[in-house]
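The next block holds one structure in the form of structure tokens; read it before the comments.
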There are 2 protein chains.
Amino acid sequence: MNYYAGIDLGGTFVKGGIVDEEGNILVKDKIPTGKERPYAEIAADMAQLVLDLAKKAGISPADVKAAGVGSPGTIDSKNGIIVYSNNIRWEKVPLGAELKKHLGIPVFATNDANAAALGESFAGAAKSYPSSVFITLGTGVGGGIILDNVLFEGNRSAGAEIGHMVIRMGGEKCTCGRKGCFEAYASATALIRQTRNAMAKDKTSKLWEICPNPEDVNGKTAFDGMRAGDKTAEKVVKNYITYLAEGIANLANIFRPDAVVLGGGVCAEGDTLLVPLRRKVNRLLYGGTKYAPVLVTVAKLGNDAGLVGAARFAMQNC
Amino acid sequence: MNYYAGIDLGGTFVKGGIVDEEGNILVKDKIPTGKERPYAEIAADMAQLVLDLAKKAGISPADVKAAGVGSPGTIDSKNGIIVYSNNIRWEKVPLGAELKKHLGIPVFATNDANAAALGESFAGAAKSYPSSVFITLGTGVGGGIILDNVLFEGNRSAGAEIGHMVIRMGGEKCTCGRKGCFEAYASATALIRQTRNAMAKDKTSKLWEICPNPEDVNGKTAFDGMRAGDKTAEKVVKNYITYLAEGIANLANIFRPDAVVLGGGVCAEGDTLLVPLRRKVNRLLYGGTKYAPVLVTVAKLGNDAGLVGAARFAMQNC
């Protein structure tokens, strides 16, 4: 059996794991990123994490065939370079080469959402499906596209920016400069804004009992309000699911994948989210659902998706 | 040198050609489709067309290694079956198998827009680019997606329905049942509707001189009006290009292809269309144009794209 190291580089923590050929995590751990430090120091820590993990797993470092890193930002995956990451404030950092110096094995890097997509495809919610679109609903809307079990990244790994697909021309301003992006309607940030706006318009809403301070609104607030029988909250949830469905249907009509996998906190809502979402998406699928159905489901690996996917990326490319 | 037959099946004509490994058309011809006839008769004519073309090209039928067909509708390309075609009123027609009976060579079928996309990628406007998105602006908006020089069709060939990506939620009703599809804003049909609407609102517009009867409005009318200095016409063109740019930018952000190739009558406008369109698309590209630029250009092969692409599809799959 061959083993691969998967590293999920975040702004706060570096998570790492040793993953086998079947996607099982043998051991995992995390260390603080210390993102203000020079990249060489961070890379040295990442390499040490891999060596420590191999030891903990009881395997020789020589049995770790390759390492993969999922990193925020624009990644030139062909060359293992972090082209630009707003999150860790890196620009043109040759992370792959730096890690290789320490580890002496091939190192591959890809975007963190891409890594999570590949992780869910390899060992998670999309395991049985060759093609899937992964959508993370967080601060923004990120995504990853898997075609025939392989990550699709676009030219210079700059594709799969599915959050920056306009679904409502002239609509909400997006951080990218466009108006009406999927991200501006379907991210957790957008749901929070939509909840706050609804509260501002309805001072009698039960949302005020659930969350007296609008500053404290989160992605769960509107769902909680709906469960408490509040009509305003119900409308927020309904509209949010409509936005989400339109974006998912766009991607389904373009890729016609076997599955669309959703990640992010809102997925904890389970069927409350999935049942109406599937109904809406199915109504919007081009040519209907009979010929080539598209399963809409939620992610399974949680925080491990990134490191499993990073390991898988190394496995497929080494 | 190996040769391949390319067939472009249309509602009125069947176009055929013999294509070499480099994408050159040796000979081509067309015959009436006679679409009301049983499919077996049409297939027999298509096979005869291939044999006649081989003869005309001075090559033995045995030198034709495989045949490809581009057909309107939903095509199960893996099995050469026309699942459903509204245009020729076919349902579950095993066209590949039927043609193979006559020709004795492998036969492959794909959607006609996909074939055109592959043709432009192989020997036309996207020849130098491994990845491209082809967009036909006709009665509807069709498309084809080429990744690493290979056609991407989605699960059961049901993907690449780029016309049915909503760009304006709640907007114009689309033939597919959704509201606000790219097709409902960027097709020739949409441009004609936009021109007529503008004429109805401005009875002093020069568009009325150019086209006294609104029934006669076509995709060129608004451009002609703009050239005649009419402000109303200019606004129609400007808005149309804005719609087109939003859809193209969505696809560019998702696929980050090397090139986006436009087909359809409106492309005859050349730089009048392309110069402002490129400016707009470049402004909407995620992360800007420096790192991974996307060329927006127009198709080169005209009516031959389909048969060249069909031949290429056979070449790549046989």
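The values are calculated or read from the model by the stated rules, or taken from the named source; none is laboratory data. Note that this is a predicted model, so its numbers are computed, not measured. So basically every Cβ, Gly included, is an ideal-geometry build from the backbone, and we count neighbours across all protein chains shown.
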Yes or no: segment A:243-254 includes at least one residue that is more than 10 Å from chain B (Cβ to nearest Cβ), farther than 20 Å from A:Lys290 by Cα and either touching a Cys at 6+ places or on another chain (Cβ under 7 Å) or assigned to a helix (DSSP H, G or I) (or both). yes
Exactly one condition in (1) within 13 Å of chain B (Cβ to nearest Cβ); (2) aliphatic (A, V, I, L, M); (3) part of a helix (DSSP H, G or I) is false for A:Ala160; which is it? (3)
Return the pairs, sorted by first residue and then second, in which the second residue is in a helix (DSSP H, G or I), the first residue lies in segment B:37-60 and is charged (D, E, K, R), the beta carbons are less than 9 Å apart, and the residues are 6+ apart or on different chains. B:Arg37/B:Asp45; B:Lys55/B:Pro61
Here are some residues: B:Gly17, B:Gly68, B:Gly73. Which one is under 24 Å from B:Gly264 (Cα atoms), modelled with pLDDT under 95 and in contact with a strand residue (DSSP E or B) (Cβ under 9 Å, 6 or more places away or on another chain)? B:Gly73
In this structure, does A:Leu151 turn out to be modelled with pLDDT of 95 or more, touching a strand residue (DSSP E or B) at 6+ places or on another chain (Cβ under 7 Å), part of a helix (DSSP H, G or I) and crowded, with 23+ Cβ neighbours inside 10 Å? no
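Per-residue answers, yes or no, for (1) of a type outside the set (Phe, Trp, Tyr); (2) within 14 Å of another protein chain (Cβ to nearest Cβ); (3) in contact with a strand residue (DSSP E or B) (Cβ under 9 Å, 6 or more places away or on another chain):
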{"residue": "A:Lys179", "(1), (2), (3)": "yes, yes, yes"}
{"residue": "A:Ser187", "(1), (2), (3)": "yes, no, yes"}
{"residue": "A:Lys201", "(1), (2), (3)": "yes, no, no"}
{"residue": "A:Thr204", "(1), (2), (3)": "yes, no, no"}
{"residue": "A:Glu209", "(1), (2), (3)": "yes, no, no"}
{"residue": "A:Gly219", "(1), (2), (3)": "yes, no, yes"}
{"residue": "A:Arg227", "(1), (2), (3)": "yes, no, no"}
{"residue": "A:Glu234", "(1), (2), (3)": "yes, no, no"}
A:Asn239: passes all of (1) part of a loop (DSSP other than H, G, I, E, B); (2) within 12 Å of chain B (Cβ to nearest Cβ); (3) more than 21 Å from B:Cys176 (Cβ to Cβ) but (1)
From the list B:Leu26, B:Leu49, B:Leu53, pick out the single residue that is of a type in the set (A, V, I, L, M), within 20 Å of B:Leu301 (Cα to Cα) and not in a strand (DSSP E or B). B:Leu53
Contact list, first residue from segment A:254-271 and free of Cβ contacts under 8 Å to residues at least 12 places away in the same chain, second anywhere and crowded, with 20+ Cβ neighbours inside 10 Å, beta-carbon distance below 7 Å, six or more apart or interchain, is A:Ile254/B:Gly159; A:Ile254/B:Ala160; A:Ile254/B:Glu161; A:Ile254/B:Ile162; A:Ile254/B:Met165; A:Ile254/B:Ile254
Quick count over segment A:123-134, residues being away from chain B (no Cβ under 12 Å) and surrounded by 24 or more Cβ atoms within 10 Å (Cβ to Cβ), is 4
Confirm whether A:Asn282 is touching a His at 6+ places or on another chain (Cβ under 7 Å), part of a helix (DSSP H, G or I) and either within 14 Å of chain B (Cβ to nearest Cβ) or touching a residue at least 24 places away in the same chain (Cβ under 8 Å) (or both). no
Across (1) away from every other protein chain (no Cβ under 14 Å); (2) farther than 29 Å from A:Ile146 by Cα; (3) not in a helix (DSSP H, G or I), B:Leu99 clears everything bar (3)
Suppose the filter is surrounded by fewer than 17 Cβ atoms within 10 Å (Cβ to Cβ), within 14 Å of chain B (Cβ to nearest Cβ) and either among the β-branched types (Val, Ile, Thr) or out of contact with any His (no Cβ under 6 Å at 6 or more places or on another chain) (or both); does A:Arg193 pass it? no
Out of A:Leu277, A:Leu273, which single residue is within 24 Å of A:Cys211 (Cβ to Cβ), in a helix (DSSP H, G or I) and in contact with a Cys (Cβ under 8 Å, 6 or more places away or on another chain)? A:Leu273
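Listed here are the residues, each with its yes/no results for (1) in a helix (DSSP H, G or I); (2) without any contact (Cβ under 8 Å) to a residue 60 or more places away in the chain; (3) over 18 Å from A:Ala299 (Cβ atoms); (4) of a type in the set (Lys, Arg).
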site: A:Asn79; (1), (2), (3), (4): no, yes, yes, no
site: A:Tyr84; (1), (2), (3), (4): no, yes, yes, no
site: A:Phe108; (1), (2), (3), (4): no, no, yes, no
site: A:Ala116; (1), (2), (3), (4): yes, no, no, no
site: A:Ile135; (1), (2), (3), (4): no, no, no, no
Which is among the hydroxyl-bearing types (Ser, Thr, Tyr), over 19 Å from the mean Cα position of the chain (by Cα) and part of a helix (DSSP H, G or I), of B:Thr204, B:Thr232? B:Thr232
Considering only residues that are among the charged types (D, E, K, R) and either within 10 Å of chain A (Cβ to nearest Cβ) or buried (at least 24 other Cβ atoms within 10 Å of the Cβ) (or both), which ones fall in segment B:163-177? B:Arg168
